[in-house]
Structures are given as C-alpha cells and as structure tokens.
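Working notes for the structure below.
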Amino acid sequence: MATTQPACPVEPGAAPAAPAELPRQPGPAGTIRYWAAAKAAAGTAEEPYAATTLAEALDAARRRHEERPEFARVLLRCSFLVDGDPVGTRDHSTVQLAEGGTVEVLPPFAGG
C-alpha cells in the first residue's frame, strides 16, 4: 500500500505560513469635480476617483497633484458635496462614496 506525502510539508516545530495578504481593493469609482480656485489649483475640471471614503479620495487627489502645492492649500478651505449632499463638518473618513458617485469640491465664493 502506497503512502502519500502532504503537498506542502511543514517542518516539525515550524509555524505554519501566514496567509498571503490580499491586495487592497480601490473602492467604488466616481468623479471628483473641481470648481473655481480648486479647478485652477488642480489644473483640471474633473478627474476620476476610486475610493471608499471622501478622505481616501482626497488623499489620492493630493498625491496626484503633489507637484502643485497650492492644490493642498485650496482643499483645506473647500466645502464638499457628495452626490449632492453637503458634507459639512463630518469627518471625511466617515463619508462613504458610491459607485458612479460625484464629489463636488467648492472653494469659498465671494459675493452673494
């Protein structure tokens, strides 16, 4: 009678191998739209996002535009709409983004 060997033998006393870490999924995809000074600082009117939260989307945008230091400064003064709803003072890491969604980046406007 033949004996079979395990496909991946483990040395006696050795710890089993840790499972491979799965690559992080980028999250839902949508569009970031920049207005006024934000548009000028970004150098574009809109660009795609692939993120789960507003914080992730904005962090990725800052990295994409790191050669434009004014962009990060403008974002600090902006308000945001996510799918038409004002973000207000909510923590950006708690604002969920949806597949096909839209983030509007609104700098302060002068006038009325």
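Values computed for the structure shown
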read-out: Per-region count, segment 6-28, residues at pLDDT below 90 and surrounded by 10 or more Cβ atoms within 10 Å (Cβ to Cβ); value: 3
read-out: Matching option when the condition is assigned to a strand (DSSP E or B), at pLDDT 50 or above and polar (S, T, N, Q), among Thr31, Thr3; value: Thr31
read-out: Matching residues, segment 71-86, being at positive phi and under 17 Å from the mean Cα position of the chain (by Cα); value: Asp83
read-out: Cβ-Cβ under 7 Å pairs, at least 6 apart or on other chains, segment 58-75 side more than 16 Å from Glu47 (Cα to Cα), far side part of a helix (DSSP H, G or I) and among the hydrophobic types (A, V, I, L, M, F, W, C); value: Glu70/Ala41; Val74/Ala37; Val74/Ala38; Val74/Ala41
read-out: Number of the exception - Lys39 against (1) more than 17 Å from Val95 (Cβ to Cβ); (2) at pLDDT 95 or above; (3) surrounded by fewer than 15 Cβ atoms within 10 Å (Cβ to Cβ); (4) basic (Lys, Arg); value: (3)
read-out: Tally, over segment 89-112, of residues that are in a loop (DSSP other than H, G, I, E, B) and either in contact (Cβ under 8 Å) with a residue 12 or more places away in the chain or in contact with a strand residue (DSSP E or B) (Cβ under 8 Å, 6 or more places away or on another chain) (or both); value: 10
read-out: Pick from segment 78-103, criterion in contact with a helix residue (DSSP H, G or I) (Cβ under 8 Å, 6 or more places away or on another chain) and over 15 Å from Pro28 (Cα atoms), ranking: surrounded by the fewest Cβ atoms within 10 Å (Cβ to Cβ); value: Asp91
read-out: Qualifying positions in segment 49-88 - part of a helix (DSSP H, G or I) and of a type in the set (A, V, I, L, M); value: Leu54, Ala55, Ala57, Leu58, Ala60, Ala61, Ala72, Val74, Leu75, Leu76
read-out: Segment 42-56, residues that are in contact with a Gly (Cβ under 8 Å, 6 or more places away or on another chain) and either of a type outside the set (Ser, Thr, Tyr) or crowded, with 20+ Cβ neighbours inside 10 Å (or both); value: Pro48, Tyr49, Ala50, Ala51, Glu56
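The values are calculated or read from the model by the stated rules, or taken from the named source; none is laboratory data. Values in this document were obtained by computation on a predicted structure and should not be read as measured data. Here the Cβ is made from the backbone with ideal geometry for all residues, glycine too, and neighbour counts use every protein chain on show.
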